[in-house]
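*Asks:* Below is a structure I'd like to ask you about.
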Amino acid sequence: MLELIAQYPLLAALLVLVGMGAVFGALLGFAAVRFKAEGNPIVDQINDILPQTQCGQCGYPGCRPYAEAIANGEAINKCPPGGEAGIQALADLLDMEPIPLDEEHGEEKAAATVAFIREAECIGCTKCIQACPVDAILGAAKQMHTVIISECTGCDLCVEPCPVDCIDMIQEEESLQSWHWQLPDPVTRQVGIIATDAVAVSAQDEAA
Amino acid sequence: MRKIFGFHGGIHPPENKQQSLRTPIADAGIPPQLVIPLSQHIGAPARPVVAVGDSVLKGQMIAGPAGFVSVPMHAPTSGNIVAIEDRLIAHPSGHLARCIVIASDGRDEWIEHSGAADYRDLDKADLINRIRNAGIAGMGGAGFPTAVKLSLKPDTRITTLIINGTECEPYITADDILMRERAQQIIEGTKILSQLIAPEETLIGVEDNKPQGLAALRAAAQGCALEIVEFPTKYPSGGEKQLIEILTGKQVPSGGLPLDIGVICQNVGSTVAVYDAVVHGRPLISRITTVTGEGVAQPQNFEVMIGTPMSYLLEKAGYRPDNNKRLIMGGPMMGFTVPTADVPIVKTTNCLLAPSETELPSPPPAQACIRCGMCALACPASLLPQQMFWFAQGKEFEKLEQHNLFDCIECGACSWVCPSNIPLVQYYRASKAEILQSRHDNEKSGHARVRFEARQERLEREDIEKEAKRAARKKAAEERALAAAQGGGEEDPIQAAIERAKAKKAAQQADAGAGEENEQEKLEKAVTTTRKRLDTASAKLEQARADGSDLVAALQTGVDKTRTKLEAAEKALHDYQQEHA
């Protein structure tokens, strides 16, 4: 046998290559079983970018289903709460060109809102409780309902089912705690802060 | 002689400190009304412990700390609480904040208080408690609760305690005059702090533009185990991280605290407050504030009660409103414009600057960045301001963080040197806020996801349970049908129906029998309860008669009615028994 192989170098090369193919094939096969990824990891990454309002404006029942759809090739511009920033982040993640928000699915809100139930008018029908995707409404049948503001994602889903229209979406007012500095105006770049008395120095120099 | 290290960058703006140093510290007196904001420090706002209408004495606690990182507030003078409401405070946002308003009675009457005769006898916990109860928050400007800074874990080794007497910002002289006039108290306060945290060395760092303050400190520190270090003037040497580098040559790691390299910094003002709290038992109710600028006739330093309206203080210094365009709390580099002069002085107000338009003109329009790199040369934190400026404009927050935006101390040196007058610091302040906001939003969306998933799980579980119940019912029905089919396969359906009817009738009769017994019981019960009621009613009637009450007539009717009822019940029972006997 060995002699035969020694006589035909072609045969030797062939055997070596086939042998290598078999070994690596087995290795890959083992790795595929041993290190099998549960689910699609890209879905999790997409889901992390989506705003988790669970509003369903994209046409899917929640953020995760939409993330799964995106992973399967759905357009990335169907999430109004995520807005342009969300589309940009998705485009960066998926290495795509950012596209403008699809107006069909709604417009980006200027500021975050939360649901507010006018409690005097609530009849206790529990319809909003069933509609809330994050269990942010508290109440029971024939009892007054109320929204837990810290849990509300502002998805609007409770507004539609209310038979007496007692739910408003209100903007959270800016408080001392939520206030923060704004970027200077991009055109004039004027701000009312101090720090720039450089001109005063040159004026003094001239005077001196 | 100690080796002095330098730090990167820095600038030399005109100092403008002489104006306010011509006279000694003046007492600002008692204003008619004091407004004390509940949040003058970093951390949770204090919780009021007084109510509107209460009268308070000087030094009495009017709001307690709400949590560990919080400080209490005290009444700066005696008087009455006239309101606890939202008022305008010294904050760049112009928002309202909760304040306690005191109308002073002019008597300035102290609450009973006593200090420790000898602080060397006190243990650490006691010292920290005294500092905490005195409501001391860092008086250099940031307002971090001093007691929290001093509460170290038992195994923490502190190599250096630094007392910050640098005061590098132009115009401000509050610390300088404090060192000149109260050097002894600073030294005593420093001793208390060193006893508390037991550092290997204690340093007091002072810039060389304060020779009189230095001399006073040196005289007071004769024979003490602490060193007073003089170093060249440069802005911003007074920044905590910069001062540490100047004195020790060590850099605080990015994103870290001075504590990470075994250093603790305290402002000289806080030191005096610690001395007052421990030795005299006096809480922090007043501070030294510089009032300066061409908008006041006599620029000087005042000892002013916390909560004094700025307008009151300006009047004391000879305010010239026509010579002043805007009012700044803090210095010209890091201060901010206050909405009106009616806002109160707080624990962190080291300076009130009323400049004229020529003194501190409005910034000229910003030009394009010419990439000169002067900002990078001036940056004391060794950052790349022009690079970060581009990222901030493009809102590339990830890149900003990679360029260590959060190491920016917002000193304003970059804006000051910028030949294009770009308000660079503002870009960093706003970007920091946006990044913090987006972190917060991310946290919130993660929370929403958890709740959404929990709800989905619950709905699924409920569906499965419902499905299982339905299946069980279906199975039971099938089994019944099967049993019926097997057991009575040849039985005549009519016969079965008759059987069912018979069984039903029997059951009804049994029920009726039970009903009869029930009926009798019911009647008996009615008799006993009515009799009881009659007894109590009669007793009451007797009582009323004995007392001569005017209710007798009403009670009499009640008793009669009950008696009639009793008779009726007894008759019903009797009839029933006759019938069923």
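The values are calculated or read from the model by the stated rules, or taken from the named source; none is laboratory data. Note that this is a predicted model, so its numbers are computed, not measured. All Cβ positions, even for glycine, are placed from backbone atoms using ideal geometry, and neighbour counts span all protein chains on display. Calculation scope for accessible area: heavy atoms of the full protein, side chains included, ligands and nucleic acids excluded. Shrake-Rupley method; radii C 1.70, N 1.55, O 1.52, S 1.80 Å.
*Asks:* Contact order normalised by length for chain A, with contacts defined as Cα pairs under 8 Å and 6 or more residues apart; what percent is it?
*Replies:* About 14 percent, as a whole number.
*Asks:* Scan chain A and hand back the longest stretch that contains none of the trypsin sites (Lys or Arg not before Pro) lying in DSSP loops with at most 14 other Cβ atoms within 10 Å.
*Replies:* Value returned for the longest uninterrupted segment is A:37-108.
*Asks:* What's the local net charge at B:I162, with K and R +1, D and E -1, over the other residues with C-beta under 13 Å away?
*Replies:* Working: positive: B:R2, B:K149, B:K241, B:K250; negative: B:E200, B:E201, B:E227, B:E240, B:E245.
That works out to -1.
*Asks:* Taking 8 Å as the Cα distance limit and 6 or more residues as the minimum spacing, I'd like the relative contact order of segment A:110-175 as a percentage.
*Replies:* 44
*Asks:* For all pairs of alpha-carbon atoms in segment B:18-353, what percent lies in each bin of width 20 Å, listed from the first bin to the last filled one?
*Replies:* Values per bin, smallest distances first: 32, 60, 7.
*Asks:* Determine the sum of side-chain charges near A:G59: Lys and Arg each +1, Asp and Glu each -1, restricted to other residues whose C-beta is under 15 angstrom from that of A:G59.
*Replies:* On the way: positive: A:R64, A:K78; negative: A:E68, A:E74, A:D102, A:E103, A:E104, A:D156.
Overall, the nearby charge balance is -4.
*Asks:* Please grab the % of Cα pairs in segment B:248-290 that end up more than 11 Å from each other. Show your work: numbers first, answer last.
*Replies:* Working: 652 of 903 pairs.
Percentage above 11 Å: 72.
*Asks:* With a 10 Å cut-off between alpha carbons and a GNM built on chain A, which of A:V18, A:V114, A:V164 moves the most?
*Replies:* Largest GNM mean-square fluctuation: A:V18.
*Asks:* Can you compute the helix-only [θ] at 222 nm over chain A? Use -39500 (n - 2.57) per DSSP H run of at least 4 residues, normalise by all residues, nearest 500 deg cm²/dmol.
*Replies:* -11000 deg cm²/dmol
*Asks:* Tell me, which cysteines of chain B are without a disulfide-compatible partner by the Cβ under 4.7 Å rule?
*Replies:* Here B:C99, B:C168, B:C224, B:C265, B:C351, B:C369, B:C372, B:C379, B:C408, B:C411, B:C418 come out as lacking a disulfide-compatible partner, given the Cβ-Cβ threshold of under 4.7 Å.
*Asks:* So, one more: About the Cα centre of segment A:110-175, how large is the charge dipole given +1 on each Lys and Arg Cβ and -1 on each Asp and Glu Cβ? Please answer in debye to the nearest 20.
*Replies:* Here the size comes out at about 360 debye.
*Asks:* Calculate the length of the line joining the C-alpha centroid of segment B:269-325 to that of segment B:1-60, in whole Å.
*Replies:* When both Cα centres are located, 7 Å separates them.
*Asks:* How many angstrom lie between the Cα centre of segment B:154-223 and the Cα centre of segment A:1-42?
*Replies:* Spelled out, the Cα-based centre of one part sits 75 Å from the other.
*Asks:* Obtain the radius of gyration and the Kirkwood radius of chain A from its C-alpha atoms and give Rg over Rh.
*Replies:* 1.31
*Asks:* Counting only Cα, what are the radius of gyration and maximum Cα-Cα distance Dmax of segment A:41-105, in Å?
*Replies:* Cα only, segment A:41-105: 10.1, 29 Å (Rg, Dmax).
*Asks:* Relative to the longest principal Cα axis of chain A, at what angle does helix A:83-94 sit, 0 to 90 degrees, rounded to 10?
*Replies:* Helix A:83-94 and the main axis of chain A meet at about 10 degrees.
*Asks:* Looking at the P(r) of segment B:327-417, how many percent of alpha-carbon pairs lie beyond 20 Å?
*Replies:* Here the tail beyond 20 Å accounts for 50 percent of pairs.
*Asks:* In Å², what does the accessible area per residue of chain B work out to with a 1.4 Å probe? If you can, show how the numbers build up before the last one.
*Replies:* Details: 28390 Å² over 581 residues.
I get 49 Å² per residue for chain B.
*Asks:* May I pose another question? Using a Gaussian network model of chain A with C-alpha springs under 10 Å, which one of A:P100, A:P133, A:P81 is most mobile by mean-square fluctuation?
*Replies:* With Cα springs under 10 Å in chain A, the top fluctuation among A:P100, A:P133, A:P81 is at A:P100.
*Asks:* If you don't mind, there's one more thing I want to ask. Considering the zone a paramagnetic label at B:E579 would reach in this model (a point 7 Å from Cα along the Cα-to-Cβ line), which residues of segment B:521-562 have amide N under 18 Å from it?
*Replies:* B:521-527
*Asks:* Looking at segment A:108-170, which GluC sites (Glu not before Pro) are DSSP coil and have at most 16 other C-beta atoms within 10 Å of their C-beta?
*Replies:* A:E108
*Asks:* I need the fraction of alpha carbon pairs in segment B:76-196 separated by more than 24 Å, rounded to a whole percent.
*Replies:* Here the tail beyond 24 Å accounts for 49 percent of pairs.
*Asks:* Give me the net charge of B:G67's neighbourhood, meaning all other residues with Cβ under 13 Å from the Cβ of B:G67; Lys, Arg count +1, Asp, Glu -1.
*Replies:* +2
*Asks:* Next question, about the same structure. Is it possible to state the helix-based mean residue ellipticity at 222 nm for chain B, with each DSSP H run of 4+ residues giving -39500 (n - 2.57), the sum divided by total residues, to the nearest 500 deg cm²/dmol? What is it?
*Replies:* Computed mean residue ellipticity for chain B: -14000 deg cm²/dmol.
*Asks:* Continuing with this model, one more query. Find the relative contact order for chain B and round it to a whole percent, using C-alpha pairs within less than 8 Å whose residues are 6+ positions apart.
*Replies:* Over chain B, the number comes to 15 percent.
*Asks:* Within 10 Å of each candidate Cβ there may be at most 12 other Cβ atoms; applying that plus a DSSP loop requirement, which chymotrypsin sites (Phe, Trp or Tyr not before Pro) in segment A:15-76 survive? It would help to have the intermediate numbers written out before the result.
*Replies:* Numbers: sites: A:F24, A:F30, A:F35, A:Y66; in loops: A:F35.
Answer in residue order: A:F35.
*Asks:* Between B:L566, B:A28, B:A454, whose Cα lies farthest towards the positive end of the dipole of chain B when Lys and Arg beta carbons carry +1 and Asp and Glu beta carbons carry -1, centred on the Cα centre?
*Replies:* B:A454
*Asks:* What translational diffusion coefficient, to the nearest whole µm²/s, does segment A:2-125 have by Stokes-Einstein, given a Kirkwood radius computed over alpha-carbon pairs, a temperature of 10 °C and 1.306 mPa s viscosity?
*Replies:* Values: Rh = 19.1 Å.
This corresponds to a translational diffusion coefficient of 83 µm²/s.
*Asks:* Hey, another quick one. How far is helix B:552-580 tilted off the main Cα axis of chain B, in degrees rounded to 10, range 0 to 90?
*Replies:* Its long axis makes an angle of about 50 degrees.
*Asks:* Mean projection of the alpha-carbon convex hull of segment B:517-579 over all orientations, in nm²? Provide the component values of the computation, followed by the final result.
*Replies:* On the way: hull surface 16.1 nm².
Averaged projected area of segment B:517-579's Cα convex hull equals 4.0 nm².
*Asks:* Taking the Cα centre of chain B as origin and charging only Cβ (+1 Lys, Arg; -1 Asp, Glu), how large is the dipole, in debye to the nearest 20?
*Replies:* Dipole size: approximately 580 debye.
*Asks:* Oh, and also: Principal axes first, then extents: for the Cα atoms of chain B, list largest minus smallest coordinate on each axis, whole Å, largest first.
*Replies:* 121, 81, 54
*Asks:* Obtain the nm distance between the two label points defined at B:S55 and B:Q520 by a simple spin-label model: each point lies 7 Å from its Cα along the Cα-to-C-beta direction.
*Replies:* Going by the 7 Å Cα→Cβ label model, 8.1 nm.
*Asks:* Next question. Could you please tell me the mean projected area of the C-alpha convex hull for the protein assembly as shown, averaged over all directions and given in square nanometres to one decimal?
*Replies:* 73.2
*Asks:* Also, I was wondering about something else. Could you size up the charge dipole of segment B:284-325 around its Cα centre, putting +1 on the beta carbon of Lys and Arg and -1 on that of Asp and Glu, and report it in debye to the nearest 20?
*Replies:* 60
*Asks:* Shifting gears a bit: If amide H atoms are built 1.01 Å from N in the plane of the peptide, which residues on other chains or at least 5 residues away come under 5 Å of the amide H of B:F336?
*Replies:* Placed amide hydrogens put B:M329 under 5 Å from B:F336.
*Asks:* Compute the normalised compactness of segment B:438-490: alpha-carbon radius of gyration over 2.2 N^0.38 Å, N being the residue count.
*Replies:* Taking the Cα Rg and dividing by 2.2 N^0.38 Å, one obtains 2.32.
*Asks:* Give the dimensionless ratio obtained when the Cα radius of gyration of segment A:110-175 is divided by 2.2 N^0.38 Å.
*Replies:* Normalised Cα radius of gyration, segment A:110-175: 1.03.
*Asks:* Which length gain, in nm to one decimal place, applies between A:D135 and A:A12 when the Cα-Cα distance is subtracted from 0.36 nm times their residue separation?
*Replies:* Going from the current span to full extension adds 37.3 nm.
*Asks:* Farthest toward the dipole's positive end in chain B, which of B:T289, B:A368, B:L38, given Cβ charges of +1 (Lys, Arg) and -1 (Asp, Glu) about the Cα centre?
*Replies:* It is B:A368.
*Asks:* Would you work out which of A:C63, A:Q177, A:P81 lies farthest towards the positive end of the dipole of chain A? Charges go on Cβ: Lys and Arg +1, Asp and Glu -1.
*Replies:* Going by the Cα projections, it comes out as A:C63.
*Asks:* Quick one: Cα centre-to-centre distance for segment B:452-485 and segment B:65-104, in angstrom?
*Replies:* So the separation of the two Cα centres works out to 62 Å.
*Asks:* Further question on the same structure: At the nearest 100 Å², what buried accessible area, both sides summed, do you get for A and B when the probe is 1.4 Å?
*Replies:* Counting protein atoms only, the buried area is about 4200 Å².
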